[in-house]
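The structure under discussion appears below in the form of C-alpha cells.
The values are calculated or read from the model by the stated rules, or taken from the named source; none is laboratory data. Because the structure is a prediction, the values reported are computed rather than measured. Note that we place each Cβ from the backbone using ideal geometry, even for glycine, and neighbour counts take in every protein chain shown. To get the accessible areas, we keep the full protein, side chains included, count just its heavy atoms, and leave off ligands, DNA and RNA. Shrake-Rupley method; radii C 1.70, N 1.55, O 1.52, S 1.80 Å.
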Amino acid sequence: MDTKTKQENKNINKSNTKNVPIGEVLLQNKMITEEQLEYALKVQKSRGKRLGDMLIELGYIKEDEVAKALAERLKVDYADLSKFKIKINALDLLTKSYAEENKIIPIECNERMVVIATSDPMNFYLMDDIKVRTGRNVKFVLSTKTDIERAIAQYYDETSSEVRANVNQQFELEKLSILNLDEQLKNEIENSPIVKFVNTLIFNAVSSNASDIHIEPNKINTKIRMRIDGQLIEKMEINVAAHNSLVTRIKIMAKMDISEKRVPQDGRIEIQEKGKTIDLRVSSIPTVFGEKIVIRVLGGMGNLLGISNLGLTSKNSEIFNKIIKSPNGIILVCGPTGSGKTTTLYSVLKEVNKSTVNIVTIEDPVEYRLDGISQVQVNNKTGLTFASGLRSILRQDPDIIMLGEIRDTETAEIAVKSAITGHLVLSTIHTNSAAGTIPRLIDMNIEPFLLSSAIVGIIAQRLVKRLCPKYKFEYTSTKEEMEYLGINEPIKLYKATGCKECDQTGYKGRLAIHEVLPVTTDIKRLIGRNANEYEIEEIAVKQGMTTLKQDGTEYVIKGIISIEELMKATYSI
C-alpha cells in the first residue's frame, strides 16, 4: 500500500470516529433505556454537550461506564487511573500545563513508547504532536475526564518536580550501591537537593492546609502522602535510595538522634511562614523497609478561630455561650481523635483570656500558643504527666485550667476536685456522645454525687467534609435516605464528584457538627442516681438538646454536606 493510500485511510478513520454512536452502544448493552436516550438527545440539542456527558449529568449512567462502553466500541484499552500506579518518569515527558490543556496524562513509558491516558483516543493530531514532543511512539488508552484531572492534580507538582528530579538523580541505586550512605550524609547533607526537597515538601503541606505528612518506605520506592480535610491523599513517590537521606534531614531539623534507627523517636520543628509560626511534630518508627516518618502540622500562633466561627447553629451557640460563662465547674468537649476538640477549647480560651484572669494549661502537645496564658508541655520522661502537672498548676493560683485530655482516674479526680473548689476546668475526653461522657467518668471511679456538682456542660462534636461548592452531583433522595433524615417527601440531595478546585476529591474544607448538653438540675439528678447515657440523652433532648445527627441533617438538606458524610460521622449515635 502506497503512502497516499495510507494517508487516505487514516483520514477516513478520523472522519468515521468523530461522532461515535455511544448512545446506541449503551442502549444495546442495556445500560440505559430508550426513554432515557431520547430525553438525553433532546436536552443535548439545547445545551450543546456531548451525548455521553449529557447522560452522566442526568444521572442515567456513571462516567466510567460511558468510558468502558466507548473503549469497547473503539477497540482501545481502558485504564482505571484510580487503581493504576502512574510512573513518575513518564510525567517528566510532558509538562503539567500541556497535560491540563489537552486533558491527558502520560502513565508509563520506555525508551521507545509512551502510554497516554485520554478521554478522546481518536485525536490523531494530538497523538502526532505528542510523538514529536517526546520522541517516542504513542499509545492512547481511554480513561474518564474526572480520573485524568484527578491524576494530574495528584501526580504533577510543578513546585517540587524539579527538586524531586534532582533527588532521584542524585540517589540512583546504581550510583549509591557501592557507597556508605551514612558517611556521605554526614559530610554532604547540607549541600544536598534533599534540603531543598524537604523545605518544599513542608511548605506545600502548609499551603495545602494539610494536617499530616506521611513518608512511607516500601520495597521499590518511598511514598509521600498528605492528610487534607481528614483524608490521606498520595502526592508523589521518590527513589527508595533517597529515603535514608530524607529521613536524616528531617531528623536533623527535629533534633532527633540520626544514628538511632531501631526505636521510635519524637521531635519538633518550628518554622516561619508569612509571619506565622508553624509547629511541626515529627514521629519516626522503624518498619521492615526503613523508618517511617509522620509530621503533624500544628497551627502555631495567630491561627485560631473565635467561638463565632466554630460553626455552631444559633441555638447551640446560645447554649454554648451560657455554659462558658460559668465561674467554676468542668466543661468537657468530647469526640474521637481528629474531631477538632482542642481547637474548640482554644477558641474558648481566646474568648475568656483577659488580663484579670490567670489561665494555665497542661497539654500534650501544645498545639497553639497564646499570649497571656501559661502553657505547660507534658513530658513523661521527666515525670511531668497530666496528673502531676495539674497538681502543680493548682499551686499557681489559677482561675481557669485547660487540661489537654482526661485519660485516667487520677487526672479525672483532680479535675473534679479543682472544679468543686472554685476553678473553671476545660478538658477533652474520648466518648461518642455528650450523654455518654457521664458513664465514662463514673467508670473512672468518680463518685456520681461529686460529678453532678462539678460538671457544667458537655459539647460533643465531629468534623465532616464540605461538598465542593463549584461542582457537586444533584439527585433525588431515596426512601432509605428519607427515613434516615426523618423526612416524608423526596428532596434534592448532593454527592461529591470532583473538579480542579478540590483536587478531584469532591470536597473542599470541613465544618463541625455539635451536640451541646447543659447540665441542668434534672440532668444532675440523673447523674446522682447513676443513670445510663440513654436516660440522660432522652431528658436532654426533651429539654431542647440537638443531637449530632439532627445538627448534621440541616447541613445535608441545605446541600452543604453529603448524607454519606453525615452517616459516617454519626454511625454510632
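Scan region 350-360 and give yes if some residue there is open to solvent by less than 60 Å² (accessible area, probe 1.4 Å) and part of a helix (DSSP H, G or I), otherwise no.
Yes - at least one qualifying residue is present in region 350-360.
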Handout entry: residue 494 vs. criteria among the aromatic types (Phe, Trp, Tyr) and assigned to a strand (DSSP E or B)
Key = yes
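Would you point out which residue out of 414, 406, 401 is open to solvent by less than 50 Å² (accessible area, probe 1.4 Å), touching a Leu at 6+ places or on another chain (Cβ under 8 Å) and closer than 25 Å to residue 570 by Cβ?
Checking each option against the conditions leaves just 406.
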Fill in the blank from the handout: Checked 483, 537, 489 against criteria (assigned to a helix (DSSP H, G or I) and surrounded by fewer than 15 Cβ atoms within 10 Å (Cβ to Cβ)); the one match is 483
Problem - Residue list for region 63-102, filter: part of a loop (DSSP other than H, G, I, E, B) and either without any contact (Cβ under 8 Å) to a residue 40 or more places away in the chain or open to solvent by 20 Å² or more (accessible area, probe 1.4 Å) (or both) - result: 75, 76, 77, 80, 82, 83, 84, 85, 87, 92, 93, 95
Completion exercise
Selection from region 417-466 of residues open to solvent by 10 Å² or more (accessible area, probe 1.4 Å), touching a strand residue (DSSP E or B) at 6+ places or on another chain (Cβ under 9 Å), of a type in the set (S, T, N, Q) and not in a helix (DSSP H, G or I) yields 431, 432
Completion exercise
Per the filter on region 546-564, residues in contact with a helix residue (DSSP H, G or I) (Cβ under 8 Å, 6 or more places away or on another chain) and either open to solvent by 10 Å² or more (accessible area, probe 1.4 Å) or not charged (D, E, K, R) (or both) are 546, 547, 548, 549, 552, 553, 555, 556, 557, 561, 562, 563
Practice task
Check whether at least one residue in region 542-559 is aliphatic (A, V, I, L, M), closer than 30 Å to residue 450 by Cα and in contact with a strand residue (DSSP E or B) (Cβ under 9 Å, 6 or more places away or on another chain), and report yes or no.
Solution key: yes
Handout entry: Count of residues meeting criterion [assigned to a loop (DSSP other than H, G, I, E, B) and open to solvent by 30 Å² or more (accessible area, probe 1.4 Å)] in region 314-338
Key = 6
Problem - Filter result (assigned to a loop (DSSP other than H, G, I, E, B), over 16 Å from residue 458 (Cα atoms) and modelled with pLDDT under 90) within region 379-407 - result: 383, 385, 407
Practice task
Considering (1) closer than 27 Å to residue 92 by Cβ; (2) surrounded by fewer than 20 Cβ atoms within 10 Å (Cβ to Cβ), say which one residue 238 fails and leave the rest.
Solution key: (2)
Handout entry: Those helices (runs of 4 or more DSSP H) lying entirely in region 116-219 with at least 1 residues of a type outside the set (Lys, Arg), under 27 Å from the mean Cα position of the chain (by Cα) and at pLDDT below 85
Key = 145-155, 158-170, 193-207
Practice task
Starting from region 518-530, take each residue that is more than 19 Å from residue 318 (Cβ to Cβ) and among the β-branched types (Val, Ile, Thr) and list its partners that are in a loop (DSSP other than H, G, I, E, B) and open to solvent by less than 50 Å² (accessible area, probe 1.4 Å), counting only C-beta distances under 8 angstrom and pairs at least six apart or across chains.
Solution key: 527/519
Fill in the blank from the handout: Result of the Cβ filter at 7 Å on region 470-482, keeping first residues that are modelled with pLDDT under 85 and partners that are among the acidic types (Asp, Glu), at least 6 apart or interchain, is 470/501
Completion exercise
When region 241-268 is checked residue by residue, the ones that are open to solvent by less than 30 Å² (accessible area, probe 1.4 Å), among the small types (Gly, Ala, Ser) and part of a loop (DSSP other than H, G, I, E, B) are 254
